Amino acid sequence: MTAEQAAWSSPASPPTFRDRWQALGDSAALFRAADMLAVLIAASLPWSTTAPSILVALFLLAVTPTIDWRDYARRLARPALALPFGFLLLALIGTLWSDGAWTDRLHALKPVAKLVLIPPLLYHFSRSERGLWVCLAFLASCALLAVFSWIVLLDPSWKITATASSGVPVKNYIDQSQEFTLCAFALALPVLTFWRSGHVVATAACVALILLFATNMVFVASARTTLLCIAVLLGLFAWRHLSRRAALLLLAGSLAASALAWTTSSYLRQRITDIAVEYRHGHEDISRASTAQRLTYWRKSLHAFVEAPLIGHGTGSIKHQFERAATSGSSLDAEVVSNPHNQTLNVAVQWGLLGVVLLYALWIAHLRLFAGEGLAAWIGLVVVVQNVTSSLLNSHLFDFHEGWMYVLGVGVAGGMALKAKAGSRP
């Protein structure tokens, strides 16, 4: 029997599981599906909490077969990819010495667990050509939300959910103003690039979007944390992209715009002047105690940190520490919370100096990821600096909305930056 006759007579061996898995990983359709799911996550984030959670699970199902696990394991040696897993490991081990209830311990794992989506996002978008699609989807979704916000301000019956603030169709004014700040500053570099290259129409379109977001925060709804972020990001933009003369012009323009906003927006004036009112009357009326609440939370958290400075009180222990510190002096002193509204203190109470070092190492590793030039590096830098700044007054890395903004921003923009850096190498 010839070799040809033998080949025809013996049936081909069926494909093994490994063969099928490899074929699935090489599927261009599955790779595109992962891209589009990331686009949908970004588009749904400003409007929903349920939809992004479902889409994240689907993204992981789609992207997992496409990963070259040997290459992925080598990349995990980088701090930007390894530290999220280290943070989750600390949180898991921290449940063993926690003095909080087990329900609190398990609930405290969820905010940390989302950080481990950063490595697969970084890996995927370092190979994908559609990272910019994700950024544009988030921008378009936020622009639509800004327009709808004005409609809701004029006619509250259009609200999608029963929010506590006028002009906020969904979620809350803190989430909304954080989104608009990110979009406005992400557009700052394209404005400068288009202007220098003489593209007048593109420059005007970007400026119009920035004004849409800025006027909404001045006249409709904004968090005071956002005002601090704006000041920091303006300085960052001037330092990274402007000459000294241009930076001085930006400073003068910002001061003029601030004066105009102050004189024309009664809403903005009230938001600023309420700080003193909240501080003075916080112990008397807890409904107007935002400033006094934060100061009380920070004082109690510092006291809890001093009691266990090295490894903290364990995962999910914040609520128990506030229960211990509660007094009957006033309704504010008796308040029990599980969020001290400061990211560093949130971590310090649970995992002590060990956790704080890990937190700052995570932020620094992601800042270094965006040390280069280009739009992706600028977007990622804005995401990290905004999160670090807002986390002075909130626990925004662990909050659902701002935490996912960080994960998605660092993962997608970081992958784009890694791809650009790899492409620039000879």
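The values are calculated or read from the model by the stated rules, or taken from the named source; none is laboratory data. Just so you know, these numbers come straight off a predicted model, no measurement behind them. Cβ: placed from backbone, ideal geometry, glycine included. Neighbour counts: every protein chain shown. SASA here: full protein model, heavy atoms, side chains in, ligands and nucleic acids out. Shrake-Rupley method; radii C 1.70, N 1.55, O 1.52, S 1.80 Å.
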Q | Distant alpha-carbon pairs in the range 98-199 (separation over 21 angstrom), percent | A | 60 percent
Q.
Counting only other residues whose beta carbon sits under 15 Å from that of ASP35, what net charge do I get with K and R as +1, D and E as -1?
A. +3
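Compactness ratio of the range 26-167: Cα Rg over 2.2 N^0.38 Å, N = residue count? All intermediate terms of the calculation are to be shown ahead of the outcome.
Numbers: Rg = 18.8 Å, N = 142, 2.2 N^0.38 = 14.5 Å.
Dividing the Cα Rg of the range 26-167 by 2.2 N^0.38 Å gives 1.30.
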Q) Averaged per residue, what accessible area in Å² does the range 154-281 show with a 1.4 Å probe, protein chains only? A) 54 Å²
Q: Report the residue, chosen from LEU249, LEU83, LEU392, that carries the largest GNM mean-square fluctuation when the chain is represented by alpha-carbon nodes joined by springs under 10 Å.
A: LEU249
Q) Once the other residues with Cβ under 13 Å from the Cβ of MET405 are scored (Lys, Arg +1; Asp, Glu -1), what is the net sum? A) -2
Q.
For LYS159, give me every one of the lysines with a C-alpha distance below 25 angstrom, ignoring sequence neighbours fewer than eight places off in its own chain.
A. LYS171
Q. Taking all pairs of different Cα atoms in the chain, averaging 1/r and flipping that mean, what Kirkwood radius in angstroms comes out?
A. 23.6 Å
**Q.** Cα centroid separation, the range 222-245 to the range 380-426 (Å)
**A.** 17 Å
Q. If all Cα-Cα distances of the range 155-280 are sorted into 10 Å bins from 0 onward, what percent lands in each bin, rounded to whole numbers?
A. 11, 37, 34, 14, 3, 0
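Would you please classify the overall shape of the range 53-93 from the alpha carbon gyration tensor, given that a ≥ b ≥ c denote the square roots of the eigenvalues, rounded means a/c under 1.5, and beyond that prolate means a/b larger than b/c while oblate covers the rest? Write down the numbers at each step before the final one.
Numbers: a/c = 2.73, a/b = 1.18, b/c = 2.31.
The shape class here is oblate.
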Q: Per residue, how big is the convex hull around the C-alpha atoms of the range 71-117? Give it to me in cubic angstrom, could you?
A: 69 Å³
Q | Cα pair distances of the range 173-237 binned at 10 Å [whole percent] | A | 22, 50, 24, 4
